[in-house]
Amino acid sequence: MSASLGDISEIQVGYQSREGIRAHPDGSHFLLQARDFNNLHQVDWSNLTRFTPAGSTTKSEIQPGDVLFLAKGQENFACPINCVTNHVLAANSFYILRPDRATILPEYLAWWLNQTPAKEYIKLNRSGSSLPFLSVSALSRLEVPIPLIEVQRKIGELEMLRKKEADLLGLYLSKKSVLIQTVCLNAIIE
């Protein structure tokens with residue numbers, strides 16, 4: 001079974017500011033931007049821009065269970081949001097997907113949006129040359145295969161474990177590099 005993304009998920013545009021974002025250490029909200037993601041498309045919550053938004057922010061406030069989709073730029077990706085602090089807004093380069101959890105799990109949806117068939121659809125349907133973007137209407141037409149919830153859960157868990165392994169492997173390689181450098185430096189000092 002499959003369904004178009006617009007039929008199984010609400011799609012909201014991230015926070016749009018008329019005056020631009022001005023960082024302020026005592027701001028009421030945080031802004032999540034593309035630069036706040038690592039190369040595994042995981043959020044680094046520690047360096048979000050703090051600011052005070054103008055106007056309503058309800059629709060662009062991130063909630064657990066949302067999927068963020070980077071719609072602008074050369075590399076489009078999706079990321080499930082499992083936990084979030086209060087008052088975090090997605091920047092306007094993101095779409096906030098709120099999946100119908102009775103039909104599709106956020107972790108599975110994010111995984112699917114990062115797979116080759118979805119990426120090919122996205123590439124074919126983007127507009128603009130210097131800063132390509134995917135419109136809400138084009139994204140809403142994307143067909144998403146919908147396996148049983150248990151299969152979705154297992155795929156989501158496997159993806160989480162893959163990313164955790166990649167994090168650990170990166171940490172291991174970094175520590176190994178420091179160790180080798182230290183041993184080599186010590187060898188020439190003696």
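The values are calculated or read from the model by the stated rules, or taken from the named source; none is laboratory data. From a predicted model like this one, the values you see are computed outputs, not experimental measurements. All Cβ positions, glycine included, derive from the backbone under ideal geometry; neighbour counts span all protein chains shown. Surface areas here come from the heavy atoms of the whole protein model, side chains and all, with no ligands, DNA or RNA. Shrake-Rupley method; radii C 1.70, N 1.55, O 1.52, S 1.80 Å.
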Practice prompt. Please find, among A54, A71, the residue that is exposed (fewer than 13 other Cβ atoms within 10 Å of the Cβ) and touching a residue at least 24 places away in the same chain (Cβ under 8 Å).
Written response: A54
Response to the item:
Checked against (1) more than 11 Å from the chain's Cα centre (by Cα); (2) within 23 Å of R126 (Cβ to Cβ); (3) open to solvent by 20 Å² or more (accessible area, probe 1.4 Å), S60 satisfies every condition except (3)
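Return yes when D167 is open to solvent by 50 Å² or more (accessible area, probe 1.4 Å), in contact with a helix residue (DSSP H, G or I) (Cβ under 6 Å, 6 or more places away or on another chain) and touching a residue at least 60 places away in the same chain (Cβ under 8 Å) and no when it is not. Lay out the reasoning, then the answer.
Values: open to solvent by 50 Å² or more (accessible area, probe 1.4 Å): yes; in contact with a helix residue (DSSP H, G or I) (Cβ under 6 Å, 6 or more places away or on another chain): no; touching a residue at least 60 places away in the same chain (Cβ under 8 Å): yes.
Here the answer is no, as D167 does not meet what is asked.
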Practice prompt. Being within 23 Å of G73 (Cα to Cα) and either assigned to a helix (DSSP H, G or I) or not basic (K, R) (or both) is the filter; apply it to region 141-162 and report the residue that is most open to solvent (accessible area, probe 1.4 Å).
Written response: E143
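Per-residue answers, yes or no, for (1) over 16 Å from H29 (Cα atoms); (2) open to solvent by less than 50 Å² (accessible area, probe 1.4 Å); (3) among the aromatic types (F, W, Y); (4) more than 14 Å from the chain's Cα centre (by Cα):
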site: A90; (1), (2), (3), (4): no, yes, no, no
site: L97; (1), (2), (3), (4): yes, yes, no, no
site: I104; (1), (2), (3), (4): yes, yes, no, yes
site: I122; (1), (2), (3), (4): yes, yes, no, yes
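Going by the conditions given, is K175 open to solvent by 60 Å² or more (accessible area, probe 1.4 Å) and within 30 Å of M1 (Cβ to Cβ)? Give the derivation first.
Details: open to solvent by 60 Å² or more (accessible area, probe 1.4 Å): yes; within 30 Å of M1 (Cβ to Cβ): no.
In short, no.
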Response to the item:
Going through region 9-39 in order, the residues found to be free of Cβ contacts under 8 Å to residues at least 60 places away in the same chain, more than 26 Å from Y108 (Cα to Cα) and open to solvent by less than 50 Å² (accessible area, probe 1.4 Å) are G20, G27
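This table checks each residue for (1) of a type in the set (S, T, N, Q); (2) in contact with a helix residue (DSSP H, G or I) (Cβ under 7 Å, 6 or more places away or on another chain); (3) closer than 15 Å to I11 by Cα; (4) open to solvent by 40 Å² or more (accessible area, probe 1.4 Å).
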site: R50; (1), (2), (3), (4): no, no, no, yes
site: V84; (1), (2), (3), (4): no, no, no, no
site: L113; (1), (2), (3), (4): no, no, yes, no
site: P132; (1), (2), (3), (4): no, no, no, no
site: L139; (1), (2), (3), (4): no, yes, yes, no
